[in-house]
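Participant: Here it is, the structure, as structure tokens.
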Amino acid sequence: MTTIAIKNMSVQDKLALMEELWSSFDDKESLDSPHWHNDVLEARMQSIKEGTAEYISLESLRNDT
């Protein structure tokens with residue numbers, strides 16, 4: 001399947017494809033996130049605890065891309 005074929009799929013078909021791909025992993029427990037993911041999450045949790053976290057709306061996020 002090519003990228004062009006995927007781009008031409010409906011949203012429902014894309015979601016179904018993603019579900020199929022995810023279910024194809026035999027051992028989801030062995031899918032470890034990279035170590036830096038945990039570092040980022042810890043830093044974000046710390047900023048929330050300190051009250052220094054900055055939040056933006058979903059609309060603002062979408063406009064930044």
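Participant: Dimensions of the chain along principal axes (Cα, Å, largest first)?
Facilitator: 46, 35, 17
Participant: Nothing charged except the Cβ atoms of Lys and Arg (+1) and of Asp and Glu (-1): what's the magnitude of the dipole of the chain about its Cα centre? Round to the nearest 20 debye.
Facilitator: Dipole magnitude for the chain comes out near 300 debye.
Participant: In nm, to one decimal, how far is the Leu58 label point from the Ala5 one, both placed 7 Å along Cα→Cβ?
Facilitator: Modelled inter-label distance: 3.2 nm.
Participant: Moving on to the next point. Divide by every residue of the chain the summed helix terms, -39500 (n - 2.57) for each DSSP H run of at least 4, and state the resulting mean residue ellipticity at 222 nm, rounded to the nearest 500 deg cm²/dmol.
Facilitator: -18000 deg cm²/dmol
Read the figures in this text as sums done on the coordinates, not as results from a lab. Please read these numbers as outputs of a predicted model, since none were measured by experiment. Positions of Cβ are generated from backbone atoms using ideal geometry, with glycine treated the same way; all protein chains shown enter the neighbour counts.
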